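Student: Sharing a structure with you now.
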Amino acid sequence: QVQLVESGGGLVQAGGSLRLSCVASARIFSINPISWYRQGPGKQRELVAGITSGGSISVADSVKGRFTISRDNAKNTVYLQMNSLKPEDTAVYYCSAATVAGQYWGQGTQVTVSS
């Protein structure tokens, strides 16, 4: 069974930081790329950052230099460190795993950045 559980969202002032966590099923974590997406109010869901099982990383231009994705293999956890947050970063952030059986999603965690 595939499980992705996000945590770490909340309310923060502009310029602040948050760290999101995504705990994945061990089987999924060990072999599949895991990514963070976000969906802001009235916007389409967009890819924020991704990391492969081998540690290769991709980050969207809109957050490059502010957001960092990393993984802790011992904890089956992928992190999204978000610094210098802006009001436009306000969104529900989702963790996702791309597998041969399809793409799986967590329940999402709300991030709200106040100006």
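All of the numbers you see were taken from the coordinates with simple rules; none came from a lab. As the structure is a prediction and not an experimental result, all values here were calculated from the model. Cβ sites come from the backbone with ideal geometry, for glycine too, and all protein chains shown count toward neighbours.
Student: Do you know the relative contact order of the chain, to the nearest whole percent, from alpha carbon pairs under 8 angstrom that are 6+ apart?
Tutor: With pairs under 8 Å counted, the relative contact order is 36 percent.
Student: Take the Cα of ASP72, step 7 Å along the line toward its Cβ, and report every residue of the stretch 1-25 whose backbone nitrogen sits under 20 Å from that point.
Tutor: Zone members listed by number: 3-10, 17-25.
Student: Also: First check a/c for the stretch 73-112, with a ≥ b ≥ c the square roots of the eigenvalues of its C-alpha gyration tensor; if it is under 1.5, answer rounded, and if not, answer prolate when a/b is larger than b/c or oblate otherwise.
Tutor: oblate
Student: Taking the mean number of other Cβ atoms within 10 Å as a proxy for protection, how do you rank 36-49, 82-95 from highest to lowest? It would help to have the intermediate numbers written out before the result.
Tutor: Details: 36-49: 15.6, 82-95: 18.9.
Those peptides, ordered most packed to least, come out 82-95, 36-49.
Student: Build a GNM of the chain with springs between Cα atoms under 10 Å: which of ALA60, ALA101, ALA26 gets the top mean-square fluctuation?
Tutor: The residue with the greatest mean-square fluctuation here is ALA101.
Student: List the lysines whose Cα sits under 21 Å from the Cα of LYS43, skipping any in the same chain fewer than 8 residues away.
Tutor: LYS64, LYS86
Student: Calculate, in nm to one decimal, what ARG27 and VAL100 gain on full extension: separation in residues at 0.36 nm each, minus their alpha carbon distance. Intermediate results must be reported in sequence, preceding the final value.
Tutor: Details: separation 73, 0.36 × 73 = 26.28 nm, distance 1.27 nm.
Full extension of this stretch gives 25.0 nm more.
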